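All remarks here apply to the structure that follows.
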Amino acid sequence: MEEKPKYGEPKKFDPDFKGPIQNRGCTDIVCCIFFIVAIVGYVAVGILAWTHGDPRKVIYPTDSMGQYCGQGTLEKKPLLFYFNMMKCASPMVLLEFQCPTPQVCVEKCPNRTMTLVTAIGDKQDWEYYRSFCREDPGVKVRVLHTSFLARCFPSLGKKGEVITVGDQETFNDGEKIRDAKDLVAGMKNATVVMEGRQVAMKIFEDYTKSWYWILICLLIAVVLSLIFIVLLRYLAGIMVWVMIVMVIAVVAYGIVHCSVKYVSLKDTPGANITLQQLGFQPDFSVYLHIRQTWLAFIIILAILEFIIIILLIFLRNRIRIAVELMKEASRAVGYVMSSLFYPIFTFFLLTIVIAYWGVTAVFLSTSSEPVYKVFNETVCPHARETCIPEVFMHNHNCPQSECLFAFYGGETPYHKYLIFLQFYNVFLFFWCANFVTALGQMTLAGAFASYYWAPNKTKDMPAFPLCASLGRSLRYHTGSLAFGSLILAIVQIIRVLLEYIDHKLKGAQNKFAKFLLCCMKCCFWCLEKFIKFLNRNAYIMVAIYGKNFCRSACDAFFLLMRNVIRVVVLDKVTDFILFLGKLLIVGLVGIFAFFFFSGHTDAFKGTAPSLHYYWVPILTVLVGSYFIAHGFFSVYAMCVDTLFLCFLEDLERNDGSPERPYLMSEKLLNVLKKKNQAN
């Protein structure tokens, strides 16, 4: 008897298939090399940023000369005062962690208003003025500042006070503040933040008291997720058909209810007028007193009910296939139990990628240096030249020249191209994050495909299918992973640029530009969703046959298009079941957490910790339970998608003959009314 080909080996009826090792395309190889070079460049950018950056600027405030407030010679001046806070409202500040405005370290924040003219007359006022301002008659000190995070933020002031914003003046009349609206909004937010400090401390204290109970609740969510996946083997069909019956019943009840309303309004005065006679009414409840409205509802619901029943009649077999595939996926997960914990590995890799991106972004943002230029009121040959305040000497040709703060950034090639390094950092972050996600999808797809194509599930499957699939993905398909993730990263970075342009055009009056930008954002959002869908199925085909990314994506797309109705039915049925699962798990764990932490149940009063806000651990448990359920169900969804593509390939490539037998389960064969011929 001829030995059957093992998983991963070419089938005899497919002479074009060459196996995973020989079938790596030129595009994948080039993309693999390009990805490695990009990673090396990413590491070089990180090293360059770590050499020039200083993350202490994020924590400790620095003045315009780059000195740290509260340290060294400025030990007695721990607070930072900004000349013009309005310039800090720009999102570009996040790229440098510095406001493009003069800053000075002060002992305490200013609490009164004065100008150079009013300060000269009094020695005490003069000293107070010098601690905050340059000798400029037009400069005023902002009033009623409050300190937060070692920085001075202007407060709103009392009714009738003058609030100075740089060289702009506003008046608080108790109702509104004219001019500088953005700053006033920022001042209000700062006040809210100040008041929220105590709330944050109480929340932190609640976490210290309840963290172990939160972990217990999350462990319960893990157990419930595992139980739900196991029960899908037995309950998937019941849940789907019950859902369909409930939808039909709900629509039927709607028809009956509308019919009762339609009959009850028969003798009501004014109820027999038509909607055309009534016209448009701002109060929509008026339409509910018209018989024609309920007649329209009856017709719409009847048409909907008819469509549902017709679809159910014609799609019943496809729904049975979808249910059976979900049961088969539950069995496959049972054979590859380690797959349920693979998302932990993906989460670990994504954490590394996010941490590297975040640290590099902080170091790049803190690489800027204060630049000082020579300023003079008259024409000076040395004007606008770079200078150093500590060593600056007045030129004899320009006795009035000063070395003053010009801008933050730097004039070296590194500082000039800093914005491009930030862009490169963001782009590589998207690429690496997509690569890690793609690696997880291909690894799971390879493990579950090995289950499907094994004639004997217990003997022909690899000993460690998940590890074997991970090894194949990294050894043979790195280029395919890099190419697919590169396409997705390009679309995502374009979306980021569109969001940035949208932010810059918020104040623009060009309606056409806003409309065009909105259309582009919508198109690229749809494109990103489509590419994610295509990539996911392409990785499955790569894991099954070992072909390159472009060939696999093309094969997967046309395979799905030839079975588009099955795709839609399976997708919607799976989405509904997993939605119910998430809702059930989050609901059960959330209800338990509510009764436990709220103390509304006598059984838990002696055990539950005493908290300031019992909703803090409850919300944490709800969010954590959702992500846990999502992690487990993402594996299950990947299993369903993989088995579905394997099922479609099985139908197209095999015919049930002894030479080409179907490899699907007996239950799927029964649903399709097919069978394998005896050898």
Here are some residues: Ile544, Ile531. Which one is closer than 30 Å to Ile36 by Cα, under 18 Å from the mean Cα position of the chain (by Cα) and surrounded by 14 or more Cβ atoms within 10 Å (Cβ to Cβ)?
-> Ile531
Quick one: would you say Ser485 is assigned to a helix (DSSP H, G or I), of a type in the set (Gly, Ala, Ser) and closer than 19 Å to Tyr342 by Cβ?
-> yes
For segment 547-603, which residues satisfy the criterion of being open to solvent by less than 20 Å² (accessible area, probe 1.4 Å), among the β-branched types (Val, Ile, Thr) and either within 28 Å of Val621 (Cα to Cα) or under 24 Å from the mean Cα position of the chain (by Cα) (or both)?
-> Val573, Thr574, Ile577, Ile585, Val589
Hey, among the residues in segment 323-359 that are among the small types (Gly, Ala, Ser) and open to solvent by 20 Å² or more (accessible area, probe 1.4 Å), which one's nearest to Val436 (Cα to Cα)?
-> Ala355
Lone unmet requirement of (1) farther than 18 Å from Phe549 by Cβ; (2) free of Cβ contacts under 8 Å to residues at least 60 places away in the same chain; (3) assigned to a helix (DSSP H, G or I) for Leu474 | (1)
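Restricting to segment 600-630, what's the tally of residues that are assigned to a helix (DSSP H, G or I) and either modelled with pLDDT of 85 or more or under 18 Å from Lys209 (Cβ atoms) (or both)?
Taking segment 600-630 first, the residues assigned to a helix (DSSP H, G or I) are 602-604, 615-630.
Subset that is either modelled with pLDDT of 85 or more or under 18 Å from Lys209 (Cβ atoms) (or both): 604, 615-630.
Residues meeting the conditions: 17.
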Determine the pairs where a residue that is more than 23 Å from Val40 (Cα to Cα) and modelled with pLDDT of 90 or more, located within segment 341-361, has a partner that is outside any helix (DSSP H, G or I) and among the basic types (Lys, Arg) with Cβ atoms under 8 Å apart, the partner being 6 or more residues away or on another chain.
-> none
Quick one: which helices (runs of 4 or more DSSP H) sit completely within segment 490-599 and have at least 3 residues that are without any contact (Cβ under 8 Å) to a residue 40 or more places away in the chain and aliphatic (A, V, I, L, M)?
-> 511-545, 564-598
Per the filter on segment 435-490, residues open to solvent by 50 Å² or more (accessible area, probe 1.4 Å) and among the aliphatic types (A, V, I, L, M) are Ala463, Leu474, Ile487, Ile490
Could you tell me whether Val671 is at pLDDT 80 or above, part of a helix (DSSP H, G or I) and surrounded by 15 or more Cβ atoms within 10 Å (Cβ to Cβ)?
-> no
Hey, among Val286, Val247, Val242, which residue is open to solvent by less than 100 Å² (accessible area, probe 1.4 Å), modelled with pLDDT under 85, more than 29 Å from Ile307 (Cβ to Cβ) and part of a helix (DSSP H, G or I)?
-> Val286
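The values are calculated or read from the model by the stated rules, or taken from the named source; none is laboratory data. Bear in mind that the values here come from a model prediction, so they are computed numbers and not experimental data. With ideal geometry, Cβ positions are generated from the backbone for all residues, glycine too; neighbour counts draw on all protein chains shown. Only protein heavy atoms, including side chains, enter the accessible area calculation; ligands, DNA and RNA are left aside. Shrake-Rupley method; radii C 1.70, N 1.55, O 1.52, S 1.80 Å.
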